[in-house]
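Nothing in this text is a laboratory measurement; each read-out follows from the coordinates by a stated rule. Everything numeric here is computed off the predicted structure, so don't read it as measured data. Virtual Cβ from ideal backbone geometry, glycine too; neighbours counted across all protein chains shown.
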Number of protein chains: 2
Amino acid sequence: MRATLIYGAGDVRIETVPDPELREPSDAIVRVVRSCICGSDLWPYGSRPATGDGERIGHEFLGVVEDVGRDVSGLAAGDLVVAPFVWADNTCDFCREGLQTSCRHGGMWARDGIDGGQGEAVRVPQAQGTLVKLPVGEDSALLPSLLALSDVFPTGHHCAVTAGVGPHTSVTVIGDGAVGLSAVLAAKRLGAERIILMGRHKDRTDLGREFGATDVVAERGEEGVERVRELTGGDGTHTVLECVGLRPAIETAFAVVRDGGTVSRVGAPQYPDVPADFGVFFRNITLTGGVAPARAYIDELLPDVLDGRVQPGKVFDRTVTLDQVPDGYRAMADRSALKVLIQP
Amino acid sequence: MRATLIYGAGDVRIETVPDPELREPSDAIVRVVRSCICGSDLWPYGSRPATGDGERIGHEFLGVVEDVGRDVSGLAAGDLVVAPFVWADNTCDFCREGLQTSCRHGGMWARDGIDGGQGEAVRVPQAQGTLVKLPVGEDSALLPSLLALSDVFPTGHHCAVTAGVGPHTSVTVIGDGAVGLSAVLAAKRLGAERIILMGRHKDRTDLGREFGATDVVAERGEEGVERVRELTGGDGTHTVLECVGLRPAIETAFAVVRDGGTVSRVGAPQYPDVPADFGVFFRNITLTGGVAPARAYIDELLPDVLDGRVQPGKVFDRTVTLDQVPDGYRAMADRSALKVLIQP
């Protein structure tokens with residue numbers, strides 16, 4: 001089959017790789033119907049050293065089950081399924097607590113001999129725990145929003161949930177990428193009435209307004225902080241959803257959060273430390289968030305996607321074939337695409 | 001009157017200062033019956049530059065009301081009262097939310113012309129919001145535990161509450177100072193069944209066991225981390241209460257917390273940043289805590305102190321007169337005293 005490999009910064013290739021086969025009785029084979037490129041794929045795309053060895057890449061996909069191992073029940077060939085971006089048995093103590101990203105028998109796609117999502121097919125370990133059956137056909141117009149359940153929408157949701165967003169919390173979302181916009185949508189869905197979106201790409205913040213943002217702050221740094229403070233009577237917001245992952249973003253987060261409030265971060269951190277000095281301490285700021293256990297949220301979010309109450313798939317603004325994946329990376333890296341859908 | 005001033009590292013003096021007088025209608029004058037030295041007083045005692053100017057110091061006291069301004073109701077001359085370590089109006093939005101440390105009209109003792117607690121008397125701003133009346137006489141044997149409501153016990157309690165300690169959470173407490181031991185007592189009171197105390201002073205950890213610690217880890221650094229991991233099947237504990245304030249302690253906290261768990265810190269941080277790299281992010285660790293809004297907790301904790309169910313005053317292992325306060329600082333700094341009570 002064909003799949004995407006990354007060889008180094010800016011160097012993504014489509015190559016022929018071995019077809020996936022069942023290895024463990026808990027495996028399934030899934031033919032990929034839709035995949036996509038994640039903002040987090042842009043970190044290695046921006047900086048991976050060129051080693052001469054390609055690595056598989058991609059961790060978001062939905063597809064059709066082609067075969068299942070003998071220990072997999074509840075799934076059969078022909079089922080349309082979505083995979084969360086970390087695979088898990090969904091039965092261990094961490095999974096039962098809703099932290100499938102720390103599953104005792106789980107792991108990451110495109111690592112340690114596991115297929116990546118940006119290819120024609122995937123061997124899915126722990127298939128019964130990992131895959132979620134979708135009650136639509138592979139021609140459904142809902143596929144983009146259903147694919148968003150793999151990562152980007154649950155990630156925004158995790159950010160909002162761990163921050164404690166609800167009807168009585170004001171919210172600042174930092175970042176107008178696909179995750180930031182998903183966090184706006186999630187905050188709105190959880191009842192937030194005041195959602196300030198910090199972002200400077202008008203086409204993106206326009207989608208943010210459609211998703212529920214009540215205010216947009218295009219300024220950055222000190223000026224952006226002042227603007228959020230102005231909008232909130234000087235206090236900042238109860239919650240801040242940090243959806244970038246860079247140090248200036250997390251610094252802004254601490255600067256615009258209200259005393260006693262919560263900063264949640266879901267942007268994969270490109271920094272070793274966060275500000276936590278006496279000022280932060282005196283203001284009783286909580287820092288939470290992390291990698292989203294998407295599997296924990298899919299059951300809750302799926303009905304809203306199926307009935308069209310939320311349309312997280314609107315973050316996809318370009319579709320490519322597998323051969324065009326390198327163009328997709330370029331488009332996301334140069335910000336001409338928000339998020340790229342792959343139709344293999 | 002006489003009061004304690006700090007002139008520089010290691011230089012604490014008892015001097016005559018102006019008697020406090022009512023200035024605002026919301027003030028009260030309190031004659032100090034008991035005060036004490038805080039672990040946080042040791043930071044300036046260890047490092048304050050000598051400037052030739054002395055500053056008042058001390059933020060924990062209980063005493064007898066001598067006079068009240070015309071806007072103060074519910075308090076009268078002769079009442080025994082305890083003061084939380086930050087004064088506050090107890091009516092603003094932050095106070096109503098239980099965050100009196102961020103009160104819009106509050107502030108710190110021993111700053112900006114406000115008296116410190118380590119003296120013979122104090123002018124108390126926002127007296128009605130700040131002071132809590134105690135239903136005992138100034139000869140009560142409960143005074144040490146009632147004084148502990150000023151700071152050290154609510155600080156341990158805040159650490160446990162913000163960490164989410166309850167009957168089903170395992171706990172590691174880092175630090176066997178008075179705050180760490182108070183955190184053990186608070187965690188036990190909140191129902192924790194497994195409380196691992198990291199500390200290496202046997203007399204202190206013995207009190208920790210009396211307060212509810214089920215395990216003591218005397219090792220520090222990597223060895224201490226391994227020991228906690230051994231005790232918890234490799235996982236670490238759901239909550240970690242960091243009661244030191246130094247970078248190695250917060251690093252240990254992140255190393256011994258279970259995936260999805262919470263680190264709460266109440267040791268005044270002597271570091272600008274905390275570890276928050278991809279590993280912490282992937283493990284979904286929350287960092288919370290901060291300066292304790294003691295006023296928010298006194299009403300809840302007071303009944304347990306009055307009926308003897310908790311005895312937080314056991315952290316006091318030495319009593320000094322006002323003249324002996326410099327000896328008290330030395331004793332706490334060289335660890336020969338755990339926490340020093342002052343009887344002016």
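Taking only the C-alpha atoms of segment A:156-289, Rg followed by Dmax gives 12.9, 39 Å.
Checking every one of the GluC sites (Glu not before Pro) in segment B:9-60 against DSSP loop status and a limit of 16 other Cβ atoms within 10 Å picks out B:21. This ranking places A:297, B:271 by how few other beta-carbon atoms lie within 10 Å of each, fewest first, which gives B:271, A:297.
Each other copy places its own label point for residue A:223 at 5.6 nm from this one, sorted shortest first, where the point lies 7 Å along the Cα-to-beta carbon line. Spatial offset of segment A:150-169 relative to segment B:285-344 amounts to 39 Å, using the alpha carbon center of each. Annotation for residue B:206, label-to-label distances across the other copies: 7.5 nm (shortest first, one decimal, point 7 Å from Cα along Cα→Cβ).
Angle of helix A:294-306 to the longest C-alpha principal axis of chain A, folded into 0 to 90 degrees and rounded to 10: 90°.
Could you line up B:201, A:168, B:158, A:59 from fewest to most neighbouring Cβ atoms inside 10 Å? Let's see the in-between values first.
Details: B:201 14, A:168 11, B:158 29, A:59 26.
Ranking B:201, A:168, B:158, A:59 by Cβ neighbours within 10 Å, fewest first, gives A:168, B:201, A:59, B:158.
With only Cα atoms counted, the protein assembly as shown has Rg and Dmax values of 28.4, 88 Å. The distance between label points at residue A:309 and residue B:330 comes to 7.0 nm (points 7 Å beyond Cα on the Cα→Cβ vector). A DSSP coil position with no more than 14 other Cβ atoms inside 10 Å describes the following trypsin sites (Lys or Arg not before Pro) in segment B:107-200: B:111, B:200. Under 16 Å of direct C-alpha separation, and excluding same-chain neighbours fewer than eight residues apart, residue B:202 reaches these aspartates and glutamates: B:176, B:210, B:215, B:219, B:317, B:334.
Taking the label point 7 Å along Cα→Cβ, residue A:251 and its counterparts in the other copies are spaced 2.3 nm apart, in ascending order. For chain B, the extents of the C-alpha atoms along the principal axes are 59, 40, 37 Å, listed from largest to smallest.
Starting from segment A:288-344, pick out the trypsin sites (Lys or Arg not before Pro) whose DSSP state is loop and whose Cβ has at most 14 other Cβ atoms within 10 Å. It would help to have the intermediate numbers written out before the result.
Numbers: sites: A:295, A:309, A:314, A:318, A:330, A:335, A:339; in loops: A:309, A:335, A:339.
Counting only loop positions with at most 14 other Cβ atoms within 10 Å, the trypsin sites (Lys or Arg not before Pro) in segment A:288-344 are A:309, A:335.
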